[in-house]
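The values are calculated or read from the model by the stated rules, or taken from the named source; none is laboratory data. Values in this document were obtained by computation on a predicted structure and should not be read as measured data. All Cβ positions, glycine included, derive from the backbone under ideal geometry; neighbour counts span all protein chains shown.
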Amino acid sequence: MFQWLNRLLTRPVNARFDVAQTTHTNKNHWLNADNMSARASISPAVRRVIRIRSRYEAENNSWYAGILRTAVNHIVGKGPRLQVLTADPEANKRLESAFCKWCKSIQFADKLRTAVEAYWRDGEVFMMRAERPRNYPMMLDLRTFETEQVASPYKGSILADPFIDDGIRFDQQTNELEFHLYDHHPGGNVPVSTLNGRWYSSREVLHLFRAERPGQTRGLPRATPSLPMLPIMRRHHSASLNLAESAANWGMYLKTTSQPSTQRSPRRTSRKSKWRGT
């Protein structure tokens, strides 16, 4: 009675995924697909190329710059505000006023906007607690560092310690322990040594980045998948403008001295062409 069911269950099923097939039409598209880990695929050299191209487009592409400004204004806005809800209204007011005064003294909102824009454009940003003596007694301040300033020491191999990734020391669970911070930006043009630096505890440094894969310790720009399309947008805009200018330059009109008539005029007509300026 159930023989047909047994035959159906024991019949081999020849099923497969179309995306797993490599053909002559798609082999070039999947040529660069690999099976490397997050740290291996996002190496310092790869991050450097993507980062500098992202900065270049942010400085020359109005659409990309507008996206970054919109994200910064949406996330940070005018800056954070403190609201204290204790039983003493007078103390609440004094604390809120002191926090607002401190934010203005160190330009806290501007620093947050700079940090968020660097996080989106460069893929990561570092912030560190600092002091500003002239703001005594509230001397607390914040310093913002670009990603190039956090890197492994110049001396020694980057492969010597498996728990160090480009200036960040972490444990087996990829929890950040220490950061090696250079005293000056490696790309600076100041007459000082850019190879001096020291290790700082993770309690003193804030690392803002987005980990999209397990084991990832450094970040990539948020626009990485769309970076190849941004130059095409600029080229398309310029091509459209050149096409409109060319169409306007080739304009002409015909002029005749004949009167409107259904019959052919015996007078000789003259045709003149005139260039139109843009």
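The table that follows gives values for the structure above.
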| read-out | value |
| --- | --- |
| Answer from Ala71, Ala98, Ala87 - the residue that is part of a loop (DSSP other than H, G, I, E, B) and either surrounded by fewer than 13 Cβ atoms within 10 Å (Cβ to Cβ) or in contact (Cβ under 8 Å) with a residue 40 or more places away in the chain (or both) | Ala87 |
| Search result, residues across segment 101-111 that are among the polar types (S, T, N, Q) and either surrounded by 18 or more Cβ atoms within 10 Å (Cβ to Cβ) or on the phi < 0 side of the Ramachandran plot (or both) | Ser105 |
| Residues of segment 152-206 satisfying the condition of being closer than 20 Å to Arg129 by Cα and of a type in the set (Lys, Arg) | Arg169, Arg198, Arg203 |
| Whichever residue in segment 127-177 is aromatic (Phe, Trp, Tyr) and either over 22 Å from Ser105 (Cβ atoms) or over 23 Å from the mean Cα position of the chain (by Cα) (or both) and, among such residues, is modelled with the highest pLDDT | Phe170 |
| Number of the condition not met by Arg16 [criteria: (1) basic (Lys, Arg); (2) without any contact (Cβ under 8 Å) to a residue 12 or more places away in the chain; (3) in contact with a Leu (Cβ under 7 Å, 6 or more places away or on another chain)] | (3) |
